[in-house]
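Trainee: Okay, handing you the structure first.
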Amino acid sequence: MIGIFLIGAFVISGWLLYNRSGFVNYTLLAIFMALLVIFGFYEFNHINIKELEFFKPDAIGVLLLVALCVVAVPVIIHGYRYIEVHNVDETPKSRGLFFGSMVLLISSCSVVYLSSHIAVTWIFIEITTLSASALIYHHRNLRALEGVWKYVFICAISITFVYIGILFLSLSLKDAGIDDMSFESLYANASKLNPFWLKLSFLFIFTGFTAKLGLVPMYTAGIDAKDKAPAPAGALLASILMNAGFVSIYRMYAVMSHTSLQQWANTVMIVAGLLSIFVATVYMTRIKNIKRMFAYSGIEHMGLVILGLAAGGIGVYASILHIVLHTLIKPSLFLQYNQVYWVYQSKSIYDVGDYFKYNKVGAIVIFLGFISATAMPPSGLFISEFLIFQSLFEAHNILILITVLILLTMIIWGFGSNIFKLLFIPPLSIDETKIPKISSWESLSQFILLGLAVYLAYNPPMIFVNLIQDAVKLIS
Amino acid sequence: MSLLYISIANRLLTYLNILVFQGFILFGVTFLTLNKISTVNLILIMLETIVFKAVAVPWFINYVIKRNGITREAEPYLPNFVSLIIVTFITVATIILSSSIKDVNLDKTFFVVALSTIFTGLYLIVTRKKIITHVIGYIIIENGVFVLSLAVGNEMPMLVNLGIMLDIFASVLILGVFFNRIGDLLKDPDIDHLRILKD
């Protein structure tokens with residue numbers, strides 16, 4: 001099935017690039033959505049069956065793949081709205097490029113989730129860079145160019161880091177007399193690996209994948225990317241692409257957890273996670289650009305996820321739950337942001353305000369999204385964050401826990417002051433005649449995503465819990 | 001040697017010549033070390049080192065420089081003398097580092113060369129002002145990675161080989177294409193122009 005999906009996705013993506021007819025374009029998109037959903041459904045029913053030698057849909061992969069299907073369908077529909085309705089300067093060529101790279105991004109991310117070989121993961125991560133850069137550069141202006149240049153450059157360097165890490169990994173494998181680099185053989189033989197090379201390799205691979213996951217040190221590229229990409233593409237970059245980074249780091253960490261180096265790896269991850277939350281705090285308390293604020297909020301959540309992973313115990317379960325819920329919540333904010341931009345034609349916090357007056361339904365989405373993203377009680381993230389704190393407490397990392405709590409409070413303050421300005425305080429100068437009427441239907445998908453996040457956290461179906469528990473078993 | 005030279009070189013053309021030189025060295029080294037490889041593999045490596053690294057990439061960068069009328073100065077942030085000392089320091093440090101590693105599967109000489117090349121590339125990226133020198137720094141890192149893959153294994157599995165091809169393909173394609181675009185939009189390609197996006 002993976003073979004069929006990959007071939008289908010590449011054909012559709014290539015066809016989209018060269019096709020100029022609108023009708024064919026949207027038919028292809030519909031076919032792709034159907035293919036994606038069928039693919040997700042198929043893999044869901046065929047867990048742990050190896051395919052094409054390099055792919056194995058294990059629990060974590062299937063979990064993220066299903067989340068991807070749930071997010072990708074509304075994002076594609078909003079991408080269609082974005083191109084059709086509100087952008088007058090779109091040409092058939094730019095439209096084809098936009099959807100072609102979107103299809104490529106979605107399908108390469110879903111393949112990354114299922115790959116069971118580190119080299120295959122690496123190749124498809126590289127394809128995500130390629131397709132993401134085409135999406136970022138959609139608007140062809142100087143600032144988009146700057147964003148894409150930084151993104152490409154930093155991703156190129158980090159992909160090289162991952163490659164160096166893989167080389168070191170192969171050295172450590174050779175010392176153990178193994179030449180099979182699939183994750184399964186790595187888990188099985190983890191204790192035989194040479195610790196020195198494994199350490200170096202983990203360091204390089206971790207640093208490299210932080211560009212995708214959005215952690216210190218390589219997080220910068222992602223921020224510019226999410227800011228400059230059109231909002232539907234930003235929603236993808238802020239959710240499924242981060243998950244691709246997460247799953248790669250998770251698998252590598254699972255290898256480390258079978259060795260004596262787990263403690264050391266935990267220290268590395270705690271440092272990275274704490275620094276990420278710190279950076280997010282610094283920027284979110286003084287940021288004036290709403291879209292970048294959402295992007296920094298993603299950095300904060302990824303920091304929490306990696307802290308939960310490093311704390312161990314219930315933290316691993318919590319961080320997987322956290323990343324799934326984050327996948328549902330963040331796109332809804334980005335999709336709603338698109339409507340904010342249609343109303344005010346500006347990203348700056350100084351030009352917006354009184355959103356309740358101009359788009360009531362959308363304002364409710366922003367408000368609920370804010371509550372969800374800051375993990376206040378009705379939000380699903382509250383559960384997972386609480387569990388992460390509990391795991392930090394149980395791991396006797398009290399000092400880290402207190403620091404994180406203080407930083408999170410500051411983030412809520414910064415996030416909240418901007419959001420409430422957007423929602424309630426009237427803007428200084430605004431021409432009310434130019435404001436378009438926005439249909440309430442535009443907000444439907446965001447309500448569904450946010451509602452789903454609440455449902456999954458407070459009343460999780462048995463199968464969802466079982467999948468997460470299976471995924472946790474990777475880490476011993 | 002070429003690393004020391006590039007640290008003090010001032011003109012972009014010199015940078016290109018160094019890239020060509022490194023490409024040939026890489027081919028020589030690979031040819032000498034990989035004595036039990038098949039013909040197909042050899043042709044592939046030759047294509048990559050000579051045709052790609054030594055000819056195509058420098059030619060392309062030269063084309064970009066001419067097309068966009070980039071001035072020939074490299075414009076480093078630090079004086080050349082300091083650069084020279086830092087690069088020497090990097091090399092010495094990697095020698096000390098690698099002498100502390102004991103591993104039969106590792107070729108020490110290559111390891112030293114590779115690490116110092118990678119770090120010099122990073123150093124070049126950090127201290128030079130022009131975007132094109134960033135690209136050159138990145139390509140130097142790639143060369144270092146290539147040597148590293150030689151250090152890691154003499155038999156060089158096909159996978160590693162494929163990885164390098166893909167690496168170069170993607171990086172140069174992306175960097176090259178976008179640099180072309182940057183040249184169209186910015187008449188004077190300095191990184192100072194790329195400072196709008198910040199908080």
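Trainee: Starting from residues that are away from chain B (no Cβ under 14 Å) and in a helix (DSSP H, G or I), keep the ones in region A:212-224 and report whichever is surrounded by the most Cβ atoms within 10 Å (Cβ to Cβ).
Mentor: A:LYS212
Trainee: May I pose another question? For A:PHE204, which of the numbered conditions (1) at pLDDT 85 or above; (2) more than 12 Å from chain B (Cβ to nearest Cβ) fails to hold?
Mentor: If we test A:PHE204 against (1) at pLDDT 85 or above; (2) more than 12 Å from chain B (Cβ to nearest Cβ), just (2) comes out false.
Trainee: Between a first residue in region A:283-310 that is within 14 Å of chain B (Cβ to nearest Cβ) and within 21 Å of A:ASN266 (Cα to Cα) and a second residue that is outside any helix (DSSP H, G or I) and of a type in the set (Gly, Ala, Ser), which pairs have beta carbons less than 6 Å apart while being 6 or more apart in sequence or on different chains?
Mentor: If the second residue must be outside any helix (DSSP H, G or I) and of a type in the set (Gly, Ala, Ser), the pairs left are A:ILE299/A:GLY214.
Listed here are the residues, each with its yes/no results for (1) within 13 Å of chain B (Cβ to nearest Cβ); (2) of a type outside the set (Asp, Glu); (3) without any contact (Cβ under 8 Å) to a residue 40 or more places away in the chain.
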| position | (1), (2), (3) |
| --- | --- |
| A:GLY177 | yes, yes, yes |
| A:LEU198 | yes, yes, no |
| A:LYS226 | yes, yes, no |
| A:LEU237 | no, yes, no |
| A:ILE240 | no, yes, no |
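Trainee: Do any helices (runs of 4 or more DSSP H) lying entirely in region A:52-144 carry at least 3 residues that are of a type in the set (Lys, Arg), within 14 Å of chain B (Cβ to nearest Cβ) and under 18 Å from A:LEU29 (Cβ atoms), and which ones are they?
Mentor: none
Trainee: Going by the structure shown, is B:THR120 away from chain A (no Cβ under 13 Å) and under 11 Å from the mean Cα position of the chain (by Cα)?
Mentor: The answer is yes for B:THR120.
Trainee: Moving to a separate point now. Please pick out the residue among A:ILE306, A:ILE240, A:ILE290, A:ILE277 that is buried (at least 22 other Cβ atoms within 10 Å of the Cβ) and either acidic (Asp, Glu) or not assigned by TED's automatic domain parsing to the domain that holds A:SER346 (or both).
Mentor: Answer to the selection: A:ILE240.
Trainee: Then there's this: Does any residue of region A:183-196 turn out to be touching a residue at least 40 places away in the same chain (Cβ under 8 Å), surrounded by fewer than 23 Cβ atoms within 10 Å (Cβ to Cβ), hydrophobic (A, V, I, L, M, F, W, C) and within 11 Å of another protein chain (Cβ to nearest Cβ)?
Mentor: No, because not a single residue in region A:183-196 is touching a residue at least 40 places away in the same chain (Cβ under 8 Å), surrounded by fewer than 23 Cβ atoms within 10 Å (Cβ to Cβ), hydrophobic (A, V, I, L, M, F, W, C) and within 11 Å of another protein chain (Cβ to nearest Cβ).
Trainee: From the list A:GLY79, A:GLY61, which residue is closer than 30 Å to A:PRO436 by Cα and either outside the structural domain of A:LEU241 (by TED's automatic domain parsing) or surrounded by 22 or more Cβ atoms within 10 Å (Cβ to Cβ) (or both)?
Mentor: A:GLY79
Trainee: Condition (residue is in a loop (DSSP other than H, G, I, E, B) and in contact with a His (Cβ under 7 Å, 6 or more places away or on another chain)) applied to region A:446-469: is it met by at least one residue?
Mentor: Within region A:446-469, none of the residues are in a loop (DSSP other than H, G, I, E, B) and in contact with a His (Cβ under 7 Å, 6 or more places away or on another chain).
Trainee: Anything in region B:1-38 that is within 14 Å of B:THR120 (Cβ to Cβ), in a helix (DSSP H, G or I) and either over 13 Å from the mean Cα position of the chain (by Cα) or modelled with pLDDT under 75 (or both)? List them, or say none.
Mentor: Those that are within 14 Å of B:THR120 (Cβ to Cβ), in a helix (DSSP H, G or I) and either over 13 Å from the mean Cα position of the chain (by Cα) or modelled with pLDDT under 75 (or both): B:SER2, B:LEU3, B:LEU4, B:TYR5, B:ILE6, B:SER7, B:ILE8, B:TYR15.
Trainee: Hand me the list of helices (runs of 4 or more DSSP H) wholly inside region A:338-396 holding 1 or more residues that are in the same structural domain as A:ALA457 (by TED's automatic domain parsing) and at pLDDT 90 or above.
Mentor: A:360-373, A:380-394
Trainee: Another question about this same structure. Given the condition within 10 Å of chain B (Cβ to nearest Cβ), part of a helix (DSSP H, G or I) and over 30 Å from A:SER131 (Cα atoms), answer yes or no: does some residue in region A:149-171 qualify?
Mentor: Yes, region A:149-171 has at least one match.
Trainee: Of all residues in region A:372-388, how many are crowded, with 20+ Cβ neighbours inside 10 Å and either in contact with a Gly (Cβ under 9 Å, 6 or more places away or on another chain) or not hydroxyl-bearing (Ser, Thr, Tyr) (or both)?
Mentor: Total meeting the criteria: 11.
Trainee: Name the residue, out of A:GLY214, A:GLY177, that is of a type outside the set (Ser, Thr, Tyr), within 15 Å of the chain's Cα centre (by Cα) and on the phi > 0 side of the Ramachandran plot.
Mentor: Of the residues listed, the single one that is of a type outside the set (Ser, Thr, Tyr), within 15 Å of the chain's Cα centre (by Cα) and on the phi > 0 side of the Ramachandran plot is A:GLY214.
The values are calculated or read from the model by the stated rules, or taken from the named source; none is laboratory data. Every value quoted in this text rests on a predicted model; they were computed, and no experiment measured them. Positions of Cβ are generated from backbone atoms using ideal geometry, with glycine treated the same way; all protein chains shown enter the neighbour counts.
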